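A short write-up of the structure that comes next.
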Amino acid sequence: MELFQIFITIMDATFRVATPLILASMAGMFSERSGVVDIGLEGKMLGAAFAAATIASLSGSAWVGLGAGILTSVALSMLHAYACVTHKGNQVVSGMAINIMVAGLTPTLAFAWFRMGGQTPALKGDERFHSLTLPFADAVRDIPVIGYTYAELISGHNIIVYIAAASVPICAWILFRTRFGLRVRAVGENPHAVDTAGISVNVLRYQALAVTGVLCGIAGSYLSTAHGAAFIRDMTAGKGYLALAALIFGKWKPLPTLFACLLFAFTDAVQVRMQGVDLPIVGVIPGQFIQALPYILTVLLLAGFVGKANPPKAIGQPYIKEK
Amino acid sequence: MTNRTPALELRRVNKWFGAVHANKDISLSVDRGTIHGIIGENGAGKSTLMSIVYGFYQADEGDILINGDICHIDNPQASIAAGIGMVHQHFMLVDTFTVLENIILGVEGGARLGEGLAKARTELARLEKEYSLDVDVDALVGDLPVGLRQRVEILKALYRGAEILILDEPTGVLTPQEADHLFRILNTLRDQGKTVILITHKLREIMAITDNVSVMRRGAMVAHVSTKDTDRERLAELMVGRTVLLQVEKPTAQVGDTLMQVTGLNFIDAEGVQRLKNINLEIKAGEILGVAGVSGNGQSELLEILAGTISPSSGNIIYKGEDITRSSKKNARDLRKIGLGHVPEDRHRSGLVLPFTANENTILGYQDSPDYNRGTTLDKASMIKACEDHIEKFDVRPPDPNLQASGFSGGNQQKLVLAREMEQNPDVLLVGQPTRGVDIGAIEFIHKQLIKMRDAGKAILVVSVEIDEVMSLSDRIAVMFDGYIVGELDAKDATETKLGLMMAGIADDADTDPAADKGAAE
């Protein structure tokens, strides 16, 4: 039973770490499926994290904070659209510019407003999202395995974790079962086909990027108002890039992307668990090496084990009508 | 039928792109229930005109009338609503979608796909039956051959309720068989009362299928004629503005020594498919050997192996008495040095570097030659001089050696490549698709140059998917099917029927029963 409890604890941590990855990679899926590279997931998350923490602290409501996070992320997404769709700029450059801008702007503003060394004030009470106890969780706790799993693993997360879990089937449904999804997939493969079908390529890409903004906003807000309890500079720590890697690893498909996110999160959870543990034969593995594991895994997976990934054909290319 | 209101009428349409007057005062009237051809050289303004009708561009002046009413078409949606459907030269399809998904894109019929897909499925079954257009609606478009993809495009237009169907250069990517099939479909459409507009630069198609034809030259409409009152020569003259020889005149070949001998050549590609099967060929001085075949039957691989860009899996090539595949293996560069010129099939992919200037392209493959170098640096002046020389001899327009290769029309790009290879005075010249995407005026010129070279005692191998071209140029014809050379015959004995049968793999030698010949011709 001991081992099982450790497993449940690790999985519990995995879910919490995976939440922002899942939301951000679903966000990236809409952008990239519509043909716009979104390396700016990182910046959008960071911006949303800052806005959510700031507004939650000022308003006293985590929900208002979440709204502010989403608005900020959507605004950054529209900036990306304006540069890349309207003005046909380079998508990687625009995304990178957003990342650098947000990375610099957020601690500067935090310092100017709160004088706390680039952080926002710690969130208390209703200012942040708390764990929810699902119905019957306490009643079934003592049922071996199933009940325990329900109470410890399924129950007891904050609302955004559940939103992230729901986002995968919802995004899949939108992408594959609705008109909007069909058009988004088409515009990422062959924008000319969309244009000749009488649909505006630019409007469609703006819409897709707006969806990206919303999802990324939730991911960012989670970091500062649910997972953490304040904004800390660079608190995304590469999660945007990791989400993008998961998206590529998942071949731009919802379910495989979810598994990629869980895998990355799992290595992270194991990593935390393994710090300072004395392993047989190898002894204590240096903490730095263990911390680097998820990233090493990313590189290895992307380099060798993904196999042939077929990205959306028109990705990265601004749409220009042929003469 | 012709007395009724025309299905489509254009009145004095003008369009400028900057300073370029792309369409000059175009008037056109297309009768309902007819197939109307619009013919003209590349750049004559045909595609621009049709893009205006389809709402991709707006005319600067003039009116579009559909069934007698003036229509304002300022986007494709308005055009679709007016009953116009367009089959573009480059298909507007999403490869990763099924046929069904492609067809409903833009007319999904509701925010959720489910019902729309079900409705489309029944409607398509009806359309397929009515116009005998068989396509598996659940197949992925990316898996379909081009002929079927085109059918999907036609279905797409019909599904949107098109009464007027515009096809832009529809046979450019089709094999002769697929093209014939397309013509049968177009005839069915006409019989069912649809109006078809066929844009092409191929005279054969115009004569084969249209009721009326309009000719464009340099942005203007120069003639409207009934197809039965005209012929190929007259149309060619109208298109180019001068008399054109469709059939090259050539003296009898003075055949000399064998310069290149191919024995037992096999080639298996990276995917493990055997592309060439036991190929035997002789290329002789003073003779043009034509290789005919439907595209994708091994000709491309044969050409690349002969030119030294890929290596055969087995077999020998003896060039001037030397085995270039084994003992003294030679690559494309070595072969160029010993007198083997190569004009690749695809000038955009392998013949030219499009963003480079004409003079830079002039030295590609010969960039190490002392003619173009001065010490360690390129001799720009001599490059430009060589290019100017080529431009003059081959009548390349515009005559600007500093223009990017992409700035020339297809025919002029081809002339640049031909000039580069021919001016090196090779002993053997391999030419892939000498006139693909080239205007008829330039075709005549290119054919003349090849004949001239033959008469100078050079050996020439021409690979072409155009039967007419192979027949008019070659002295000897080899036909390829499924990686084999299925037959070789003297050009004098070749007929379109005979070659067509061999290309389809039906007959494997020239002595086919004449009765079977006749049956297959129809």
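Inspect region B:154-177 for any residue being open to solvent by 10 Å² or more (accessible area, probe 1.4 Å), of a type in the set (D, E, K, R), outside the structural domain of B:V294 (by TED's automatic domain parsing) and under 30 Å from B:V291 (Cα atoms) and give the result as yes or no.
Among the residues of region B:154-177, at least one is open to solvent by 10 Å² or more (accessible area, probe 1.4 Å), of a type in the set (D, E, K, R), outside the structural domain of B:V294 (by TED's automatic domain parsing) and under 30 Å from B:V291 (Cα atoms), which makes the answer yes.
Condition first: open to solvent by 60 Å² or more (accessible area, probe 1.4 Å) and not small (G, A, S). Now tell me which residues in region B:319-337 satisfy that.
B:K320, B:E322, B:R326, B:K329, B:N331, B:R333, B:K337
Which of the following residues is out of contact with any Phe, Trp or Tyr (no Cβ under 8 Å at 6 or more places or on another chain) and at positive phi: B:E128, B:E178, B:E169, B:E101?
Sole residue among the options that is out of contact with any Phe, Trp or Tyr (no Cβ under 8 Å at 6 or more places or on another chain) and at positive phi: B:E169.
Looking at region B:469-498 only, could you name the residues that are in a helix (DSSP H, G or I) and either open to solvent by less than 60 Å² (accessible area, probe 1.4 Å) or not assigned by TED's automatic domain parsing to the domain that holds B:A285 (or both)?
Listed by number, the residues that qualify are B:E469, B:V470, B:M471, B:S472, B:L473, B:A491, B:T497, B:K498.
Would you confirm whether or not region B:239-251 contains a residue that is open to solvent by 10 Å² or more (accessible area, probe 1.4 Å), at negative phi and in a helix (DSSP H, G or I)?
yes
Going by what's in this entry, would A:R177 be described as open to solvent by 60 Å² or more (accessible area, probe 1.4 Å) and away from every other protein chain (no Cβ under 14 Å)?
no
Within the group A:F259, A:F266, which residue is of a type in the set (F, W, Y), at negative phi and in contact (Cβ under 8 Å) with a residue 40 or more places away in the chain?
Going through A:F259, A:F266 in turn, just one is of a type in the set (F, W, Y), at negative phi and in contact (Cβ under 8 Å) with a residue 40 or more places away in the chain: A:F266.
Name the residues in region B:445-468 that are in a loop (DSSP other than H, G, I, E, B) and surrounded by fewer than 24 Cβ atoms within 10 Å (Cβ to Cβ), would you?
Correct list: B:A456, B:G457, B:K458, B:V465, B:E466.
Would you mention how many residues in region B:217-233 are open to solvent by 50 Å² or more (accessible area, probe 1.4 Å) and of a type outside the set (D, E)?
Final tally of qualifying residues: 6.
When you go through (1) open to solvent by 10 Å² or more (accessible area, probe 1.4 Å); (2) small (G, A, S); (3) in a helix (DSSP H, G or I) one by one for A:A208, which number turns out not to apply?
For A:A208, the exception is condition (1).
If we only count helices (runs of 4 or more DSSP H) wholly inside region A:223-323, which ones have 1 or more residues that are more than 25 Å from A:M96 (Cβ to Cβ) and more than 14 Å from every other protein chain (Cβ to nearest Cβ)?
Answer list for region A:223-323: A:254-274, A:287-300.
Let me confirm something: among B:P434, B:P426, B:P399, which residue is outside any helix (DSSP H, G or I) and open to solvent by 50 Å² or more (accessible area, probe 1.4 Å)?
After ruling out the rest, the residue left standing is B:P399.
Just to be sure I understand, how many residues within region B:124-146 are surrounded by fewer than 19 Cβ atoms within 10 Å (Cβ to Cβ) and within 26 Å of B:G55 (Cα to Cα)?
2
Tell me which residues, restricted to region B:80-101, are more than 10 Å from A:A193 (Cα to Cα) and aromatic (F, W, Y).
Residue satisfying the conditions is B:F97 alone.
Take region B:199-216 and flag every residue that is of a type in the set (G, A, S) and open to solvent by less than 10 Å² (accessible area, probe 1.4 Å).
Of region B:199-216, the ones of a type in the set (G, A, S) are B:208, B:214.
B:S214 - this is the single residue of region B:199-216 that is of a type in the set (G, A, S) and open to solvent by less than 10 Å² (accessible area, probe 1.4 Å).
Take region A:63-122 and flag every residue that is in contact with a Cys (Cβ under 9 Å, 6 or more places away or on another chain), without any contact (Cβ under 8 Å) to a residue 60 or more places away in the chain and buried (at least 16 other Cβ atoms within 10 Å of the Cβ).
A:S94, A:G95
Take region B:281-319 and flag every residue that is in a loop (DSSP other than H, G, I, E, B) and closer than 26 Å to B:P251 by Cα.
The answer is B:A285, B:G286, B:G293.
If we keep just the residues of region A:184-193 that are assigned to a helix (DSSP H, G or I) and facing another protein chain (nearest Cβ under 7 Å), which is surrounded by the fewest Cβ atoms within 10 Å (Cβ to Cβ)?
Out of the qualifying residues, it is A:H192.
List the number of the failed condition for A:A226; all other conditions in (1) surrounded by fewer than 22 Cβ atoms within 10 Å (Cβ to Cβ); (2) touching a Phe, Trp or Tyr at 6+ places or on another chain (Cβ under 9 Å) hold.
With respect to (1) surrounded by fewer than 22 Cβ atoms within 10 Å (Cβ to Cβ); (2) touching a Phe, Trp or Tyr at 6+ places or on another chain (Cβ under 9 Å), A:A226 is out only on (1).
I'm told B:T309 meets every condition in (1) closer than 27 Å to B:G147 by Cα; (2) not assigned by TED's automatic domain parsing to the domain that holds B:G147 except one. Can you identify the failing condition by its number?
With respect to (1) closer than 27 Å to B:G147 by Cα; (2) not assigned by TED's automatic domain parsing to the domain that holds B:G147, B:T309 is out only on (1).
Would you be able to tell me the number of residues in region B:59-109 that are crowded, with 20+ Cβ neighbours inside 10 Å, more than 7 Å from chain A (Cβ to nearest Cβ) and among the β-branched types (V, I, T)?
Result for region B:59-109: 8.
Is there a residue being more than 10 Å from chain A (Cβ to nearest Cβ) and within 24 Å of B:G147 (Cα to Cα) anywhere in region B:110-118? Walk me through how you get there before you give the answer.
As a first pass, look at region B:110-118 and keep what is more than 10 Å from chain A (Cβ to nearest Cβ): B:115, B:118.
Next, from what is left, pick out any that are within 24 Å of B:G147 (Cα to Cα): none.
No, region B:110-118 contains no residue that is more than 10 Å from chain A (Cβ to nearest Cβ) and within 24 Å of B:G147 (Cα to Cα).
If you go through region B:338-381 one residue at a time, how many are out of contact with any strand residue (DSSP E or B) (no Cβ under 8 Å at 6 or more places or on another chain), open to solvent by less than 40 Å² (accessible area, probe 1.4 Å) and free of Cβ contacts under 8 Å to residues at least 24 places away in the same chain?
Selection size over region B:338-381: 1.
The values are calculated or read from the model by the stated rules, or taken from the named source; none is laboratory data. Keep in mind that this is a model prediction, so the values were computed, not measured. So basically every Cβ, Gly included, is an ideal-geometry build from the backbone, and we count neighbours across all protein chains shown. Surface accessibility is based on the protein's heavy atoms, side chains included, excluding ligands, DNA and RNA. Shrake-Rupley method; radii C 1.70, N 1.55, O 1.52, S 1.80 Å.
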